[in-house]
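In what follows, a single structure is set out as structure tokens and then discussed.
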Amino acid sequence: MKAVILAGGLGTRLQPYTFFIPKPMLPLGNKPLLEYLVEWLIKSKKINEVIICVSYLHRSIEDYFEDGTRFGINIKYSRSDRPLATAGQLKTAATHLKEPFVCLYGDSVYEFPLDKMIENHFKDKAFISMALSRYKTNLKYGFIELSGHENLLVSEWKEKPEISGLINIGCYVFEPEFLDLIPVSTSFGMDEAVRESIKSKKKVKSFIVEEGSFMDIGDKKSYLEAYKLYVKKLGKI
């Protein structure tokens, strides 16, 4: 199978780090983030080619990974001249994707069994398989419940309540027909395309990963936390 990595975003939430370095090339320990993703895909016995969708500061990605020979896997590039959001980026690689394929965002680290997700996708005959993770957080504000005839009486005060649920972690297995739902050369989010699939009664399956199997590096706080963790893994020099 082929795998697509979406690596063309501007990384605005990580500025000023991303003024001169694209987000997927930010260092984690002794490697750029994107190299961990390529290595994770290589571990899967089902992936034999990686397509990296690039745009912003694309040369730094292309010059580093070249054709993938140094990493032991075939790497190709799909380039857009402007950011197109997640699904729009993916659409640029459509000519390479005639069979079911894996797609992942270039601003996360994954450590779950991708082969099992792929196997479940085919076993369930899914149109889309989405990797999900359990998540919980406390709301920033106290929530006030109202009651009474005109809902004017305060009946309960929930101070910064905890909410929990499943979140999308940006790793998918798609049937190639999914690409038909994405307009050409248009900024289009993956959420829009997946919602369109659900609306069209396509089979969208979940693959729930264990806690700790995913690390988001989408903003400065999460990047610095991840950076410290990977530096610690290197040990003392």
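Roughly how many percent of the accessible protein surface of the chain is carbon and sulfur, given a 1.4 Å probe and a whole-percent answer?
Carbon and sulfur: 53 percent of the exposed surface of the chain.
Counting DSSP beta bridges in region 1-81, what percent are antiparallel, to the nearest 5?
Details: 2 of 14 bridges.
Antiparallel bridges: around 15 percent, rounded to the nearest 5.
Give the shape of region 124-237 as rounded, prolate or oblate, defined through the alpha-carbon gyration tensor: a ≥ b ≥ c are the square roots of its eigenvalues, a/c under 1.5 means rounded, and otherwise the shape is prolate if a/b is larger than b/c and oblate if not.
Judged from the Cα gyration tensor, region 124-237 comes out oblate (a/c at least 1.5, b/c at or above a/b).
Taking the Cα centre of the chain as the origin, how large is its charge dipole in debye, to the nearest 20, when only Lys and Arg (+1) and Asp and Glu (-1) carry charge on their Cβ atoms?
On the way: 34 positive and 30 negative charges, 79 e Å.
The calculation lands at about 380 debye.
Which aspartates and glutamates have a Cα less than 19 Å from the Cα of residue 158, not counting those fewer than 8 places away in the same chain?
Hits, sequence-local ones excluded: 145.
Between residue 70 and residue 206, what is 0.36 nm times their sequence separation minus the Cα-Cα distance? Round to one decimal in nm.
Details: separation 136, 0.36 × 136 = 48.96 nm, distance 3.40 nm.
Using 0.36 nm per residue and subtracting the Cα-Cα distance, I get 45.6 nm.
Past the 20 Å Cα-Cα mark, which pairs from 23/220; 140/221; 31/91; 2/98; 23/221?
Over 20 Å apart, Cα to Cα: 31/91.
Within the chain, what percent of beta bridges assigned by DSSP are antiparallel, to the nearest 5?
Working: 24 of 47 bridges.
Within the chain, antiparallel bridges account for around 50 percent of the total.
Set Lys and Arg Cβ to +1 and Asp and Glu Cβ to -1, take the dipole of region 1-140 about its Cα centre, and tell me which of 127, 18, 69 lies farthest positive.
The listed residue farthest towards the positive side: 127.
Can you give me the accessible area per residue for region 82-237, using a 1.4 Å probe, in Å²?
On the way: 9600 Å² over 156 residues.
Dividing the accessible area of region 82-237 by its residue count gives 62 Å².
For helix 190-199, report the angle its Cα long axis makes with the longest principal axis of the Cα atoms of the chain; keep it between 0 and 90° and round to the nearest 10°.
70 degrees
What's the local net charge at residue 160, with K and R +1, D and E -1, over the other residues with C-beta under 15 Å away?
Residues close to residue 160 contribute a combined charge of -1.
Run lengths n ≥ 4 of DSSP H only: what is the helix-derived mean residue ellipticity at 222 nm for the chain, with -39500 (n - 2.57) per run over all residues, to the nearest 500?
On the way: 6 runs with 61 residues, N = 237.
That comes out to -7500 deg cm²/dmol.
Farthest toward the dipole's positive end in region 140-194, which of 144, 170, 187, given Cβ charges of +1 (Lys, Arg) and -1 (Asp, Glu) about the Cα centre?
144
In degrees between 0 and 90, to the nearest 10, how far off the longest principal axis of the chain does helix 220-234 point, with axes built from Cα atoms?
60 degrees
In degrees between 0 and 90, to the nearest 10, how far off the longest principal axis of the chain does helix 114-123 point, with axes built from Cα atoms?
80 degrees
Of the trypsin sites (Lys or Arg not before Pro) in region 89-154, which ones lie in a loop per DSSP and count no more than 10 other C-beta atoms within 10 Å?
The qualifying sites are 98, 125, 140.
Considering all projection directions equally, how large on average is the shadow of the alpha-carbon convex hull of region 1-110, in square nanometres?
6.6 nm²
Pick the calculated mean projected area of the Cα convex hull in nm² for this structure from (1) 16.8; (2) 14.3; (3) 19.1?
(1)
Would you mind computing, in nm to one decimal, how far apart the modelled labels at residue 159 and residue 231 are, each placed 7 Å from Cα along Cα→Cβ?
3.6 nm
Put a dot 7 Å past each Cα toward the Cβ at residue 177 and residue 150; how far apart are the dots in nm?
In this crude spin-label approximation the distance works out to 5.5 nm.
Restricting to region 5-142, compute how many DSSP beta bridges are antiparallel as a %, nearest 5.
15 percent
Which order do 145, 210 take when ranked by solvent-accessible area (1.4 Å probe, heavy atoms of all protein chains), largest first?
Details: 145 70, 210 145 Å².
My answer, sorted largest first, is 210, 145.
The values are calculated or read from the model by the stated rules, or taken from the named source; none is laboratory data. Only a predicted model underlies this, so the values are computations on that prediction, with no experimental measurement involved. Glycine gets a Cβ as well: all are built from the backbone with ideal geometry, and neighbour counts include every protein chain shown. When the accessible area is computed, the model is the full protein with side chains, heavy atoms only, and any ligands, DNA or RNA have been set aside. Shrake-Rupley method; radii C 1.70, N 1.55, O 1.52, S 1.80 Å.
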